[in-house]
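Trainee: Below are the structure tokens for one structure; questions will follow.
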Amino acid sequence: MSRDVNNKYWNEELETLPREELEKRQLADLQEIVRFAYENAPYYKRSFDEAGVKPEDIKTLKDIQKFPFINKTTQRDTQGVGSFLGELAAVPEEDVVFISTSSGSTGVPTMSPFTKKDFDEFQDTESRWFWQIGMRPNDRYVHALNFSLYVGGPDVIGAQNLGALCIWGGTLPSERLLFVLKTYQPTVIWTSPSYAWQLGEKALKSGIDPKKDLNIKKIIVAGELGGSIDATRKAIEDIWGAEVYDFYGLSDIFGACAAMCEAKDGLHIAENHILVETVDIHTGEVLEPGQVGELVFTTLRKHARPLIRFRTGDIGRIDITKCSCGRTHGRIHILGRKDDMFIVSAVNVFPSDIEAVVREQKGITGEYLIRIFERDFTNKYAVEIEKSADNTKTDDEVATEVSAALKARIGVKPAKVIVHPDGGLNTRSEHKSKRVIDERTLEYNI
Ligand SMILES: [Zn+2]
């Protein structure tokens, strides 16, 4: 590969396009994909006709606001209808070379089809993210993500196309993965933030010091919010002596649709592939860039199954100002899943806010469990934590400190902070941890 390893950009022209030029390209692709979807996907033909909109109505990017939303339910209700790929698909099955499926953690798994061109552009985008965090052909890379059905699995091809030496780790048991890290001395790894942290702790406990005995320089995390929580990212960096970068993916689009750069101030989203809108969670009204709401994505170039105004269920904001790294593609800041947000005393609380406090607080291990319940017809939350083995304070003192820190950050105190001994919470999972338990009865939950 003749690419200049000293150039910080994978595709300099694309990544630094003046905003006006970028939006001009977005508009041309939007017009084309909306027309393609209308002419080839039975669902869009029907829904646009019902809404009284036509592809020709798109004269500016804002005109997308006239078109109806879709969501996960639309995908579920249309897949398999009329054909194997269903009514959202816009190409025949013979044009499709790959499908991934969602985990199904929130219902029936949905599948995401790719044409050959969709897939190649997906991997070129992944190469761009790897390059953006500084991966180069002389890096050794361990892809420690699930390969089974999951859209993040093939991302390893993006690293290979960049020229890195790739080790297809998958979800190895931690002893085996530590063996790989020790024996092959890779420089970059991608896993979930909770697992990155726990793997570091496991290494220390088994006599391996990640800073001295291993060679990991960069850790990519995705799949949970931790990578965008400063305290969590720093905790992982401290254990490994490595830089941590957060990536954001959607099973419906790409393994990573957005990625941090060296500025670590939000995640650059591939705006040449995705048109981002932010809308009011309840009314669907379109908000200005910078305002917090539900992120709505329109895929601009995926032909197998175009997504027009897909409500992601993720709450966040987009910053379209130019980043200090020189890139002009907007940066998204994700606060959490709409489904995970809960309201206490009229305050919107995200589990990520609680995690940030727990990870910053001294004298506790950083492990936590959140319980949401109702009392006297109103929502309350309790937080369970672990006191570090070397902390000499009483449990009551620790609970009071954590409670005050939560009140300071979130605005509402927890009903209770329950203190366990080190290791007392069963939250250390291999790859993805369940940390929120919703005990509200359905009656009050709706
Ligand atoms: Zn940047």
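Trainee: Project the alpha carbons of the chain onto their principal axes and report the range along each, largest first, in whole Å.
Mentor: On the principal axes, the chain reaches 69, 60, 41 Å in Cα extent.
Trainee: Helix-only estimate, please: 222 nm mean residue ellipticity of the chain, summing -39500 (n - 2.57) across DSSP H runs of length 4 or more and dividing by its residues, to the nearest 500.
Mentor: -9000 deg cm²/dmol
Trainee: About the Cα centre, and with charges only on the beta carbon of Lys, Arg (+1) and Asp, Glu (-1), how big is the dipole of the chain? Nearest 20 debye, please.
Mentor: 540 debye
Trainee: Residues with beta-carbon under 12 Å from that of E243, excluding E243: net charge, scoring Lys, Arg +1 and Asp, Glu -1?
Mentor: For residues surrounding E243, the net value is +1.
Trainee: On to the next question. In the range 131-267, with Lys and Arg counted as +1 and Asp and Glu as -1 at Cβ, which of these residues, W190, V156, P173, has the Cα nearest the positive end of the dipole, that is, farthest along it?
Mentor: Ranked along the dipole, the leading option is P173.
Trainee: Once neighbouring chains are kept in place and the probe is 1.4 Å, which whole percent of the accessible area of the chain is contributed by carbon and sulfur?
Mentor: On the chain, the fraction of accessible area on carbon and sulfur atoms equals 51 percent.
Trainee: Over the range 1-121, calculate the relative contact order: mean separation of alpha carbon pairs under 8 Å at least 6 apart, over the residue count, as a percent.
Mentor: Relative contact order, the range 1-121: 18 percent.
Trainee: What number comes out for accessible area per residue over the chain if the probe is 1.4 Å? Units Å², please.
Mentor: That works out to 44 Å² for each residue.
Trainee: Assuming 0.36 nm per residue, please report the length gained on full extension of the stretch N426 to K393 beyond their Cα-Cα distance.
Mentor: That works out to 9.6 nm of additional length.
Trainee: Positive end of the dipole of the range 311-395, charges at C-beta (+1 Lys, Arg; -1 Asp, Glu), about the Cα centre: which of A356, I343, I318 has its Cα farthest in that direction?
Mentor: The residue sitting most towards the positive pole is I318.
Trainee: Please go through the residue pairs K217/K362; K59/K264; K234/K302; K218/K393; K116/K182 and name each one whose alpha carbons sit more than 28 Å apart in this structure.
Mentor: K59/K264; K234/K302; K218/K393; K116/K182
Trainee: Shifting gears a bit: What share of all Cα pairs of the range 1-60, in percent, falls into each consecutive 5 Å distance bin?
Mentor: The distribution over the range 1-60 is 4, 16, 18, 14, 11, 11, 10, 8, 6, 3, 1, given as percents.
Trainee: Using 7 Å Cα-to-Cβ label points, what is the E285/N7 separation (nm, one decimal)?
Mentor: In this crude spin-label approximation the distance works out to 4.6 nm.
Trainee: I want the local charge near S100. Using Cβ-Cβ distances under 14 Å, sum +1 for each Lys or Arg and -1 for each Asp or Glu among the other residues.
Mentor: -2
Trainee: While we're here: I need to check one value: relative contact order of the chain, counting alpha carbon pairs closer than 8 Å and at least 6 residues apart, in percent.
Mentor: 13 percent.
The values are calculated or read from the model by the stated rules, or taken from the named source; none is laboratory data. Computed from a predicted structure; not experimentally measured. Cβ: placed from backbone, ideal geometry, glycine included. Neighbour counts: every protein chain shown. When the accessible area is computed, the model is the full protein with side chains, heavy atoms only, and any ligands, DNA or RNA have been set aside. Shrake-Rupley method; radii C 1.70, N 1.55, O 1.52, S 1.80 Å.
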